[in-house]
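**Student:** Here you go, one structure.
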Amino acid sequence: MTTVRLHRDDGPVSRVLGGMAAGRLPPLPGTVLAAAATGVLLAAGPGAWPPGGPAPALLCVPLVVLLLAGPSSRHPHSGRLDWLVPPILRGIEYGYLAVLGDAQGVSAPLVYVLITVLALHHYDTAYRTRQGHRPRAWVRLAGLGWEGRMLFTALAGLSGALPFAYPALAAYLGVLSGGESVATWARKGRGSGVMVDLEERA
């Protein structure tokens with residue numbers, strides 16, 4: 001898996017669609033279309049729906065993005081501008097979670113905590129790949145991927161459980177990603193410290 005593909009943070013559903021496309025679809029056009037569609041749906045704002053009711057446009061965003069960006073997950077991402085795909089997907093995911101939480105009454109601190117946990121997870125992935133270490137495959141799958149997290153929150157929104165889903169997802173991802181990251185860096189750093197002679201010379 002190339003570094004750009006790793007930074008996409010695809011989950012199981014996106015990988016299945018990518019396998020069906022056999023890596024033939026270029027990733028950037030579909031991702032740009034997904035971002036445009038997301039922007040249109042998010043721009044409607046919470047005022048477009050009945051007070052206290054579900055937000056149908058927001059809840060269908062994950063499916064639209066998945067169908068547009070998911071099938072290119074197995075592409076090698078070797079194009080000149082394919083490095084833009086991961087940050088676009090991050091913007092889609094973070095923006096979706098922020099607007100959905102606001103539209104359905106999730107407290108701002110909970111939205112902030114969830115997005116912060118995700119940002120730290122993605123930063124850790126980027127940093128460790130620069131150091132030649134990659135997250136384990138099972139951790140990437142257990143993290144659900146960008147599409148899995150968006151689908152999970154969408155379903156929670158349909159059932160009215162979004163205020164509980166945000167802290168639960170943040171806690172789950174924090175323990176999973178944080179615990180695995182700490183364990184990995186502790187294991188990699190063991191025995192690789194720098195010895196400093198602090199003996200004062202006369």
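**Student:** Looking at Pro163, Pro86, Pro135, which one is more than 25 Å from Leu41 (Cβ to Cβ) and either touching a residue at least 24 places away in the same chain (Cβ under 8 Å) or under 13 Å from the mean Cα position of the chain (by Cα) (or both)?
**Tutor:** One residue alone meets the criteria, Pro135.
**Student:** Are any of the residues in the stretch 27-38 touching a Lys or Arg at 6+ places or on another chain (Cβ under 7 Å) and at pLDDT 90 or above?
**Tutor:** Here is the first cut: in the stretch 27-38, the residues touching a Lys or Arg at 6+ places or on another chain (Cβ under 7 Å) are none.
Looking for residues that are touching a Lys or Arg at 6+ places or on another chain (Cβ under 7 Å) and at pLDDT 90 or above, one finds none in the stretch 27-38, hence no.
**Student:** Among (1) under 16 Å from the mean Cα position of the chain (by Cα); (2) at pLDDT below 80; (3) not in a loop (DSSP other than H, G, I, E, B), where does Thr125 come up short?
**Tutor:** Of everything listed in (1) under 16 Å from the mean Cα position of the chain (by Cα); (2) at pLDDT below 80; (3) not in a loop (DSSP other than H, G, I, E, B), Thr125 misses just condition (2).
**Student:** Which residues, taken from the stretch 96-110, are within 15 Å of Leu155 (Cβ to Cβ) and of a type in the set (Val, Ile, Thr)?
**Tutor:** Val106
**Student:** Restrict the check to the stretch 135-146 and report whether at least one residue is among the hydrophobic types (A, V, I, L, M, F, W, C), surrounded by 21 or more Cβ atoms within 10 Å (Cβ to Cβ) and over 26 Å from Leu33 (Cβ atoms).
**Tutor:** Checked against the condition, which is being among the hydrophobic types (A, V, I, L, M, F, W, C), surrounded by 21 or more Cβ atoms within 10 Å (Cβ to Cβ) and over 26 Å from Leu33 (Cβ atoms), the stretch 135-146 yields no hits at all.
**Student:** Residues in the stretch 74-102 that are crowded, with 23+ Cβ neighbours inside 10 Å and in a helix (DSSP H, G or I): how many?
**Tutor:** So the count comes out to 7.
The values are calculated or read from the model by the stated rules, or taken from the named source; none is laboratory data. Keep in mind the model is a prediction, meaning the values are calculated, not measured. Positions of Cβ are backbone-derived with ideal geometry, glycine not excepted, and every protein chain shown enters the neighbour counts.
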